[in-house]
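Each reported figure results from applying straightforward, stated rules to the coordinates on display, with no laboratory input. What you see is a predicted model, and the numbers here were worked out from it, not measured in a lab. Reconstructed Cβ throughout: ideal geometry from the backbone, glycine too, with neighbour counts over all protein chains shown.
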Amino acid sequence: MRVILYVFVFIVLELGLFHRFYSDCCVGPLQFYAPWCGYCKKLEPVWYDVGAELKSSGSPVRVGKMDGTAYSGMSSEFGVRGYPTIKLLKGDLAYNYKGPRTKDDIIEFANRVAGPAVRALPSKQMFDHMMKRHDVLFVYFGGESPLKEKYIDMAAELIVYTYFFSASEDVLPESVTLPELPSVVVFKDGAYFTYDEYVDGGLSSWVNKERFQSYLQIDGFTLYELGETGKLVAIAVIDEKDPTEESGRYKRTLDFQFGHMDGNDYINSLIMGEVSVPSIIILNTSNEQYFLPSEPVETLEQLVHFINSVLDGSAQAQGGDGMFQRVKRVAFDAKSTIMSVFRSSPVLGCFLFGLPLGVISLMCYGICTAESDDGQEDMELMKREEDDEEEDEEEDEPLQKGRK
C-alpha cells in the first residue's frame with residue numbers, strides 16, 4: 001500500500017493504481033520529504049498554501065506529499081536523491097522542479113507544466129500581452145514543418161523552465177523582420193534573436209543557453225540552472241541591504257555580465273570556502289572551477305582585466321571536479337547534513353548518531369574486557385600449576401630421604 005497525503009484528505013493507493021490514478025484523473029506536484037529534514041519542515045506551510053490556493057481556484061492540479069523514508073521503493077522509482085524533492089506527475093512523465101520554493105513559483109510551475117507544451121498566440125494583442133508578462137519569450141513563427149516538430153519535442157522537454165508559444169507572421173510588430181519562415185525567435189533584453197541551425201547547433205541546446213537574460217539576480221536555484229548551460233558565470237556577491245557606494249559599484253560594473261547574488265551563504269557552501277562581501281567571483285559551470293580576483297575590483301577596467309585573465313588562462317583556477325574535490329565535497333556535505341539534523345531536531349540527532357556510537361563503545365568495551373578476563377584466567381591457571389608442582393616436590397623430598 002502507498003499513502004499519498006493531499007491537502008485536506010488522505011488517499012491510500014495500491015501499488016498498481018498509482019500511475020493509473022495520475023494519468024487518468026489529474027496532474028500535480030508530489031513532494032518527497034523526510035520527517036527529520038529541516039528544509040522539509042520549512043517548506044510545509046508553503047506546500048499547504050499551494051494546495052489550498054489550487055483547490056480554491058478550481059484547478060484540476062492536485063498536490064501530493066509522501067514520506068520518502070517510509071516508501072523507499074517509491075523514492076527510488078522517481079530518482080529521489082535528497083529531501084525535499086518535488087516532482088510534477090503528468091501521465092507517464094515526471095518533471096523535476098528545481099526553482100525557488102515559494103508558493104507563487106511552485107503554482108506557476110504546476111500550471112505551466114500541466115498545460116500544453118506549446119501555446120498559441122492568435123492575435124497581436126495576445127502577443128503584446130505575453131511580451132510584457134515574460135522577460136524571455138520563445139515563439140515559433142510559420143506553419144507545419146520539420147522545424148515545428150522539433151520545436152514541439154523540445155518544448156515538451158524544457159517546459160519545466162519556461163513557456164513556449166507559436167504564432168503566425170501577422171502578429172509580429174513592424175519593428176521585427178524575420179529572415180525566413182518558419183523561424184524560432186527569442187525576445188529578451190529589448191531585442192530579438194533568431195535560431196540558425198547551422199550556426200547555433202541543436203535547438204534544445206540553443207534554447208537552454210538563451211533562456212536567461214543577459215543580466216539577472218542570481219540565487220542558488222538560478223545558479224543550478226545556469227550550470228546546465230556550461231557557461232562561465234560572473235557574479236557580484238553583494239549585500240542587498242548595504243547602501244554603501246562600494247556595493248552599488250560592484251553591481252553597476254557588472255551590468256554587461258550575468259548578475260549579482262544577495263549574500264555569500266550559498267557561494268560559500270558551493271566553493272566550500274569563504275567569499276567576502278562585496279566581491280566578484282567567476283564560476284566555470286562545466287568543470288566546477290572558480291576564479292577570484294587577486295586584488296579588490298574597484299573600477300570597470302579592473303573588472304575587464306580580471307575577466308580577460310580568466311578567458312586567456314592566466315588567472316589561477318580553484319576547485320574543480322577532481323578526486324580530491326569530490327572527497328572534500330562528500331565530507332563537507334556529510335558535515336552539513338549532520339549540522340542540519342542537530343539544528344532542526346537535537347533530540348533526533350542525538351538518537352541517530354548517539355545510538356550507533358553507544359553500541360560501538362559497548363562492543364569495544366566488551367572486547368577489551370573479554371581479553372582482560374581471559375588473560376587473568378590464564379595467569380591464575382599458571383599460578384595454580386606452579387603451586388601444584390611445588391607441592392609435589394615437597395612431597396617427594398621426604399620419600400627420597402626415607403629410602404636413603
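In table form, for the structure just shown:
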item: Three-way shape label, segment 278-347, alpha-carbon gyration tensor, a/c 1.5; result: oblate
item: Across 98/150; 87/209; 90/335; 41/188, pairs whose alpha-carbon gap is larger than 29 Å; result: 90/335; 41/188
item: For residue 320, distant residues with modelled amide H under 5 Å away; result: 289, 290
item: Sequence-distant residues sharing a close amide H with residue 263 (under 5 Å, placed H); result: 238, 239, 240
item: Solvent-free Debye scattering, log10 I(q)/I(0), computed from the Cα coordinates of segment 156-214 at q = 0.25, 0.26, 0.28 Å⁻¹; result: -1.32, -1.39, -1.47
item: Value of Rg to Rh for segment 119-210 (Rh from inverse mean 1/r over Cα pairs, i.e. Kirkwood); result: 0.91
item: Cβ-based exposure ranking for 85, 229, 102, in which fewest neighbours within 10 Å come first; result: 102, 229, 85
item: Packing-based ranking, highest mean first, of 146-158, 295-307 given that Cβ atoms within 10 Å are counted; result: 146-158, 295-307
item: Derived scalar couplings ³J(HN,Hα) [segment 181-197; Karplus, 6.51 cos²θ - 1.76 cosθ + 1.60; whole Hz; x for Gly, Pro]; result: 10, x, 8, 10, 10, 10, 10, 6, 6, x, 9, 9, 9, 9, 6, 10, 4
item: Relative exposure of 364, 350, 37, judged by other C-beta atoms within 10 Å (fewest first); result: 364, 350, 37
